[in-house]
Amino acid sequence: MAHTWLEEIINAGDTTVDATMGQGFDTAFLAGLGSKVFAFDVQQLALDMTRERLSHAGVTAELILDGHENVDQYVSGEVKAAIFNLGYLPKSDKKLITRANTTLTALRKLLEMLSNKGRIAIMVYYGHDGGETEKDAVLAFVSSLDQKQYQVYHYGAMNQVNQPPFLIMIEKLG
Ligand SMILES: C[S@@+](CC[C@H](N)C(=O)[O-])C[C@H]1O[C@@H](n2cnc3c(N)ncnc32)[C@H](O)[C@@H]1O
C-alpha cells in the first residue's frame, strides 16, 4: 500500500529518502523507480544488507550510516517522497529501535524539505518495548499538522489481534 501510494508521484531523477534502511527493501524499491535515494540507518549491518540487495537489483543509492534526524546534513533541495518503517531490524538487536524524539525531528525536517504534492509514508510497528511511546508521539504530531498544508491519512487492519502495524500517509498540499 505504501509503495503503491508513493509510486504514483515519484519520477526518475526525483530525490527520495528511506529514513529507516533496515534490510533495504524500501531503498531498493525507491531506487528501482529511478529516484536519487538517500537511505539512513544507525547500524552497519543494515548498510551491508542493503548494499547487497541493491547490487542484486542492479540499482544504486546513497547509503548513510547516521540517524535520520540528521537528514538535513546530507540532503539538499526538495524531497519528493520519504518512507519510514518504525521499530527494530528483524532478526537483530530488538533494543535498537526508532525513538519518538529522533523520529519526530526527522519528520519535521522532511516536511520542510518536501516538495508540493510530495508524500511521506510511515509504517508504524509498535508491538515491541518502547513502541507504544513512539506510536503515541507520532500520532499526536501528525494529527496536529495544519490541514491547509497537509493531508494526513491513517490506514490499518480493523480485526487483527495484538498490535497490528498501521500506515500513516502525509501529503503536502501545493
Ligand atoms: C523496521 S526496521 C526498517 C525496515 C526496512 N524498511 C526494510 O526494508 O527492511 C527499522 C530500522 O530503523 C533503524 N533505526 C533506528 N533508529 C534510527 C535512526 N535514528 N535513524 C535511522 N534509522 C534508525 C534500525 O536500525 C532498523 O534497521
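The values are calculated or read from the model by the stated rules, or taken from the named source; none is laboratory data. Just so you know, these numbers come straight off a predicted model, no measurement behind them. Here the Cβ is made from the backbone with ideal geometry for all residues, glycine too, and neighbour counts use every protein chain on show.
Here are the numbers:
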item: Test for Gly67: is it at pLDDT below 95, touching a strand residue (DSSP E or B) at 6+ places or on another chain (Cβ under 8 Å) and surrounded by 13 or more Cβ atoms within 10 Å (Cβ to Cβ); result: no
item: Helices (runs of 4 or more DSSP H) enclosed by segment 1-105 - at least 2 residues per element that are free of Cβ contacts under 8 Å to residues at least 12 places away in the same chain; result: 44-57
item: Sole exception among (1) away from the ligand (no atom under 12 Å from the Cβ); (2) in contact with a Leu (Cβ under 8 Å, 6 or more places away or on another chain); (3) in contact (Cβ under 8 Å) with a residue 60 or more places away in the chain for Leu145, by number; result: (3)
